[in-house]
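Peer 1: Below: one structure in structure tokens.
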Amino acid sequence: MIQILPSILAADFVRLGEQVRLVEAAGIEMLHVDVMDGHFVPNFTLGTPITESLRRFTNVKLDHHLMIEDPDTYAPIFIKAGADCVSVHYEVCRNLDRTIHMIREHGAQAGVVINPATPVALLENVLDIVDYILVMSVNPGYGGQKFIPNSLRKVKELARMRAERKLAFAIEIDGGVGTENIAEAAKAGVDWYVAGSSVFHAPDPAQAVRDLRRRAEEANFTKV
Ligand code: DX5
Ligand code: ZN
């Protein structure tokens with residue numbers, strides 16, 4: 001099921017509520033919330049007060065991307081604050097299987113994220129317990145970066161493993177996604193598309209969401 005997830009990192013925080021209403025009007029079902037700790041990535045972003053405010057304000061699912069060193073401590077805190085989906089980076093999880101189960105036991109959908117330099121093969125033993133895999137198509141830390149084309153090779157590999165093993169996890173992509181590359185991503189097998197700058201920096205964010213969705217759906221429909 002194709003989902004466009006506007007990333008609020010690219011929103012104007014002074015007008016966050018207004019911007020969320022704009023993309024809701026385009027029928028989004030999920031929002032992407034980037035949590036950065038200044039250690040795993042060289043930037044700080046959002047904490048639980050934003051999650052709590054969003055939870056009170058909207059019914060769409062809040063997808064939390066934890067770019068932090070200690071997801072085991074903070075995942076439950078974000079779930080309590082209102083996160084519906086929580087993804088953790090493969091690169092920081094020493095006991096990944098335990099972390100995934102812990103997120104699900106707290107009542108959220110669990111995702112695992114891989115950086116551009118991390119191979120898909122390392123996920124082989126968790127694919128049957130995750131709800132989704134997030135393939136980073138930029139190095140995490142900032143919005144507005146250039147899409148790394150090799151990420152689509154990784155998406156294809158994941159989609160092939162999913163089909164071979166008859167699994168049902170969703171494949172998400174994050175970073176540099178826009179109308180110029182979303183069709184190719186759809187053909188590779190992506191289900192969930194995070195879009196920051198291409199939505200919130202567009203003159204009409206709702207129209208930007210609709211354009212992205214249409215292109216992804218058309219490409220998905222015509223894929224061989
Ligand atoms: C980057 C974040 C992304 C970011 C994407 O570290 O994980 O979610 O908001 O922004 P764009 O779409 O502008 O690349
Ligand atoms: Zn993200």
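Peer 1: Residue check: is residue 78 farther than 16 Å from residue 3 by Cβ, touching a strand residue (DSSP E or B) at 6+ places or on another chain (Cβ under 6 Å) and more than 12 Å from ligand 1 (Cβ to nearest atom)?
Peer 2: Spelling it out, residue 78 is indeed farther than 16 Å from residue 3 by Cβ, touching a strand residue (DSSP E or B) at 6+ places or on another chain (Cβ under 6 Å) and more than 12 Å from ligand 1 (Cβ to nearest atom).
Every residue, every condition in (1) within 17 Å of the chain's Cα centre (by Cα); (2) closer than 19 Å to residue 45 by Cβ; (3) of a type outside the set (D, E, K, R), yes or no:
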site	(1), (2), (3)
86	yes, yes, yes
93	no, no, yes
97	no, no, no
114	yes, no, yes
121	no, no, yes
129	no, no, yes
163	no, no, yes
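Peer 1: Which condition number does residue 88 fail, the rest of (1) buried (at least 18 other Cβ atoms within 10 Å of the Cβ); (2) away from ligand 1 (no atom under 16 Å from the Cβ) being met?
Peer 2: Evaluating residue 88 over (1) buried (at least 18 other Cβ atoms within 10 Å of the Cβ); (2) away from ligand 1 (no atom under 16 Å from the Cβ) leaves (2) as the failure.
Peer 1: Also, quick follow-up: Take the residues in segment 6-53 that are closer than 12 Å to residue 196 by Cα and part of a loop (DSSP other than H, G, I, E, B), then tell me which one is most open to solvent (accessible area, probe 1.4 Å).
Peer 2: 12
Peer 1: For segment 119-129, which residues satisfy the criterion of being under 17 Å from residue 152 (Cα atoms) and surrounded by fewer than 17 Cβ atoms within 10 Å (Cβ to Cβ)?
Peer 2: 119, 121, 122
Peer 1: Can you give me the ranges of the helices (runs of 4 or more DSSP H) entirely in segment 174-224 with at least 1 residues that are of a type in the set (S, T, N, Q)?
Peer 2: Once the helices (runs of 4 or more DSSP H) in segment 174-224 are filtered for at least 1 residues that are of a type in the set (S, T, N, Q), what remains is 197-200, 205-222.
The values are calculated or read from the model by the stated rules, or taken from the named source; none is laboratory data. It should be emphasised that the depicted structure is a prediction, and the values quoted were computed from it without experimental measurement. Counting neighbours? That spans all protein chains shown, and the Cβs are built from the backbone with ideal geometry, glycine included. With ligands, DNA and RNA removed, areas are computed over all heavy atoms of the protein, side chains included. Shrake-Rupley method; radii C 1.70, N 1.55, O 1.52, S 1.80 Å.
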